[in-house]
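Here is the structure we will look at, set down as structure tokens.
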Amino acid sequence: MENKLTEFIKISNNIQRKIKVSLSKLNLTYTQFQILLSIDNLTNLNKHITQKLLSDETNIDVMTISTTLKCLERKSLIQINKNKKDARANEISNTLIGNSILEEAKEIIKSLNKELFKKTNPNIRNLSKILNM
């Protein structure tokens, strides 16, 4: 069983490494991608987007959300405005540049998924075997 777990970890790390390298071409981390994607999804649901909501939606702690939002704002990928009704809360939205980068990132991830999850990919067959222990 330990050998199967080790193999699973290797495959998982390989997938994470490929995602990291792919997103770095857009100067994005995976966490930044998750946040941009969540902002986009929540915007489409007409939600009032706050750091707390992003934390709940992404399962990323509030402090990491805060730090990442500042970085995304410096990159002009998001906009943070004070809530008119609650001065303690911020309203967060993607900028046009942020939406453009997000669309590119989604295409990269989609392409990477196709590559990683081809039925002929031996790593996926191994992963399947491991998960079916």
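At 222 nm, what helix-only mean residue ellipticity would the chain give, in deg cm²/dmol to the nearest 500, using -39500 (n - 2.57) for each DSSP H run of four or more?
-22000 deg cm²/dmol
Suppose R0 equals 35 Å; then what is the FRET efficiency for residue 116 and residue 79 from their Cβ-Cβ distance, rounded to the nearest 0.05?
On the way: r = 33 Å, r/R0 = 0.95.
For R0 = 35 Å, the calculated efficiency reads 0.55.
What is the packing order of peptides 43-55, 24-36, taking the mean over residues of other C-beta atoms within 10 Å and listing the highest first? Walk me through the numbers before you get to the answer.
Working: 43-55: 14.5, 24-36: 17.9.
Highest-to-lowest ranking by the protection proxy: 24-36, 43-55.
For residue 30 paired with residue 87, estimate the spin-label separation in nm (one decimal), with each label point 7 Å from Cα along the Cα-to-Cβ line.
Here the modelled spin labels are 4.1 nm apart.
Once you've got the Cα coordinates, tell me which of 18/114; 47/85; 18/106; 25/110; 52/82 are over 21 Å apart.
Cα-Cα > 21 Å for no pair; all within.
Against the longest principal axis of the chain, how steep is helix 2-24, in degrees 0 to 90 to the nearest 10, with axes from Cα atoms?
Value to nearest ten degrees: 40.
Taking H placed 1.01 Å from N in the peptide plane, check which residues at least 5 places from residue 89 or on another chain put their amide H under 5 Å from its amide H.
83
Take every Cα-Cα distance within the chain, group them into 10 Å bins from 0 onward, and report for each bin the whole-number percent of pairs it holds.
Going out from 0 Å in 10 Å bins, the chain shows 11, 35, 28, 18, 7, 1 percent.
Taking Cα atoms, how many degrees apart are the long axis of helix 30-44 and the longest axis of the chain, rounded to 10 and kept between 0 and 90?
The two axes meet at around 60 degrees.
In whole Hz, what ³J(HN,Hα) sequence does the range 111-116 give by Karplus (6.51, -1.76, 1.60; θ = phi - 60°), x for Gly and Pro?
The phi angles translate into 5, 5, 4, 4, 5, 6 Hz.
If you average the sequence gap of Cα pairs under 8 Å that are 6 or more apart and divide by the length of the chain, what percent do you get for the contact order?
It rounds to 28 percent for the chain.
The numbers here are math on the coordinates, done by the rules we state, and not lab data. What you see is a predicted model, and the numbers here were worked out from it, not measured in a lab. Neighbour counts run over all protein chains shown; Cβ positions are idealised from the backbone, glycine included.
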